[in-house]
Amino acid sequence: MSTRHRGARLWLPGASSVTSLTGSPTEPASAAGGPDRFTTPEFVNHAKHDPRPLSLLVLGGTRFLGRTLVEAALAEGHHVTLFNRGRTAPELFTEAETVIGDRTTDLSALGDRCWDAVVDVAGYEPEVVRRSVTALGERVGRYVFVSSLSVLADQATVQNEDGTLLVLSEDLPPHQLYGARKAACERIVLDAYGDRAGIIRPGMIDGPHDPTDRFPYWPRRFQRGGRVLLPGDPADAAQFIDVRDVAAWILRCITGQRGGVYNTTGRTLPFGEFFAACQALVNPGAEPVRVSTEKLLRAGVDPWMGVPLWIGDPDCGAINRVDISRALAAGLTHRPLAETIADTLAWDTARGGPAVDDEGLTAAEEQRLLSELT
């Protein structure tokens, strides 16, 4: 059974009026015998910014990127419908419409309504994404799928959007399954929507409401002060992006009617520059202590972020040097690093930090490594 929250009004693309959720949807122009605005060349190829409020369907929408995207869309005046199970932060977004349902089994609660675009922020399993694509069909003007840079088969050399992707198979190593599933989802969306599909491939996302402790760990750790273990070499590459910049970029792709595949992460910077920014902004009196990658690996530290943000696996040596020139040329922008650090720390402090089991590196483990390796 599905439940619709609130009596929000929905703007239907191609319709001459809005409709209450408690009433019958207005018939789109295409259903009334007019042209289908979703498949005409004018709609598909139009590259200018669409200034009008758009109707957006968000699959998910209450955690991290989805939450930030919905906040940004509402702030821009768009009409947002969320489709989710209503389990995570259901109190959010009273000004938006929420339709309760489970996309893994049944999307019928969405009825036969239409939206300018759908943003799929929570698609991980190919068959679940295929079900969404089939159910929505031509009732959405664009399908934006949030994928991942983990789809890249070769992470040891610098890649752009045309790099070889992982292929889902029975003999794939477990650590590659996530990327292979995301790659399969990409193909489903692209096959169905062609140039009306937008594939957003984020790298590591940071900022307020980050459910991991990869980025939030560092401003909080510098704030605590004392001897701070810094992994690797200061010249090692780091690459991440503020969640608010990803959300803004997704909306820019939708309003600009841009299709295609975009690597979506930050500009590469030296790891040492990030640490220096944290120290200068949060606690100049902290004492950085460098521990080389070689020492950390010999000590048995997990090479994949056993210390937050640090990647010591040579097979992933280029994951922080991904080519983002296509997205930059199309309008991707980044806020100052200091802003992300300050805002993340403020949010992290307000929530009281992470749960004990969720901390990126415990104080006891850091002290053990410092004692043994320095």
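Computed quantities for the displayed model
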item: Which labelled figure in [x] -0.34, -0.81, -0.94; [y] -0.56, -1.16, -1.26; [z] -0.41, -0.80, -0.91 is log10 I(q)/I(0) by the Debye sum over Cα atoms at q = 0.07, 0.11, 0.12 Å⁻¹, once derived from the coordinates; result: [x]
item: Amide H within-cut-off set for Asp206, under 5 Å, with H built and near neighbours excluded; result: Ile241, Asp242, Val243
item: Cβ-derived FRET efficiency at R0 22 Å, Ala355 paired with Ala89, nearest 0.05; result: 0.85
item: Over the range 179-279, volume per residue of the alpha carbon convex hull, in Å³; result: 122
item: DSSP bridge orientation in the range 87-226 - percent antiparallel, rounded to nearest 5; result: 20
item: FRET efficiency, 1/(1 + (r/R0)^6) with R0 45 Å, evaluated for Glu138 and Gln223 via beta carbons; result: 0.30
item: Bridge type composition, the range 175-311 - antiparallel percent by DSSP, nearest 5; result: 20
item: Amide proton proximity set for Gln159, modelled H, under 5 Å, gap of 5+; result: Asp323
item: DSSP-defined antiparallel bridges as percent of all bridges, the chain, nearest 5; result: 20
item: Sites Glu273 and His175, calculated FRET efficiency, Cβ-Cβ separation with R0 25 Å, nearest 0.05; result: 0.30
item: D_trans [Stokes-Einstein, Kirkwood Rh over alpha-carbon pairs] for the range 174-220, 10 °C, 1.306 mPa s, µm² s⁻¹; result: 120
item: As computed over the range 304-372, the Cα convex hull volume per residue (Å³); result: 142
item: Cβ-based charge dipole, the range 49-120, positive-most Cα from Thr104, Val80, Cys114; result: Thr104
item: Label-point gap, in nm, between Asp302 and Thr104 - each point 7 angstrom along Cα→Cβ; result: 2.3
item: Virtual spin-label span in nm between Ser325 and Arg63, 7 Å along Cα→Cβ; result: 3.6
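Read-outs: derived from the displayed coordinates by stated rules, not from any lab. This one's a predicted model, so the numbers in the text were calculated from it and none came from an experiment. Positions of Cβ are backbone-derived with ideal geometry, glycine not excepted, and every protein chain shown enters the neighbour counts.
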